[in-house]
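Notes for the one structure printed next.
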Amino acid sequence: MADEFEAKFREEVVSEEEVYNGHIIRVVNQTVTLPDGRESKREVVHHSGAIAVLALTDDDKMILERQWRAPVQKVTTEVPAGKVDGRDHNPLDTVNRELNEETRLTAGKIEKIAGFYTSIGFADEFMTLYLATHLKPVTDELPQDDDEQIDLLYVDFDEATRLFEAGELDDGKTAMAYLYWKTLRLAGKA
């Protein structure tokens with residue numbers, strides 16, 4: 001069935017021009033041939049991938065970060081997250097590195113929740129959301145990113161719910177993390 005849909009909808013890239021190649025993204029303009037033979041243009045943002053972490057403390061609090069986000073020109077409230085890069089051999093390395101850098105904690109248990117594209121209409125960034133529990137302070141602190149200013153918040157479920165309902169958890173990965181935590185609680189697993 002998937003092959004049938006692939007053949008019906010697949011676009012072929014005729015040409016590609018790199019517009020920008022930076023530290024986080026690479027942007028290209030593509031000319032594609034549609035299944036019916038017409039040509040069209042696509043602007044595509046390539047990204048190496050990322051992770052996000054629903055970090056829950058032993059006393060059942062969610063760790064959130066407040067930081068300035070230039071694209072939306074405001075302070076956001078988010079779960080810890082970061083880009084998979086050359087320092088990491090696999091996504092779990094990224095989870096451990098980001099927890100260390102951003103929260104100064106390490107997880108005794110890490111479970112994959114879900115993987116998803118963050119903005120499939122123009123970007124190929126694939127993010128994996130993890131649950132991190134049995135947290136304890138790191139023994140060896142990694143250097144924090146020079147350009148990040150982060151304040152940590154530890155919120156219980158009621159406060160997270162208030163933030164969610166007030167629209168303050170408007171970042172996709174954070175909303176997904178909160179909803180997963182809510183599902184765990186409803187199922188009696190958290």
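Read-outs: derived from the displayed coordinates by stated rules, not from any lab. All values derive from a computational prediction rather than experimental measurement. Please note: Cβ atoms are built from the backbone with ideal geometry, for glycine as well, and neighbour counts cover all protein chains shown.
Under the combined filter of DSSP loop state and at most 16 neighbouring Cβ atoms within 10 Å, the range 135-173 retains these GluC sites (Glu not before Pro): GLU141, GLU148, GLU168.
Out of VAL95, VAL53, VAL27, any idea which swings most in a Gaussian network model of the chain, alpha carbons joined below 10 Å? Among VAL95, VAL53, VAL27, the largest mean-square fluctuation in the Gaussian network model of the chain belongs to VAL27. In a fully extended conformation the segment linking ASN90 and PHE122 would gain 9.0 nm over its present Cα-Cα distance, using 0.36 nm per residue. Subtracting the Cα-Cα distance of ARG69 and SER40 from their residue separation scaled by 0.36 nm leaves 7.2 nm. Taking LYS83, LYS112, LYS41 as the candidate residues, the one with maximal mean-square fluctuation in a Gaussian network model of the chain, Cα springs under 10 Å, is LYS41.
Need one number: convex hull volume per residue for the chain, Cα atoms only, in Å³.
With only Cα atoms used, the chain gives 164 Å³ per residue.
Over the chain, dividing the summed -39,500 (n - 2.57) contributions of all DSSP H runs of at least 4 residues by the number of residues returns a 222 nm mean residue ellipticity of -7000 deg cm²/dmol. Summary value for the range 51-190: 32 percent relative contact order, contacts being C-alpha pairs under 8 angstrom separated by 6+ residues.
Quick check for you: which residues of the range 1-31 have the amide N under 19 Å from the point 7 Å beyond the Cα of ASP146 toward its beta carbon? Flagged as within label range: 22-25.
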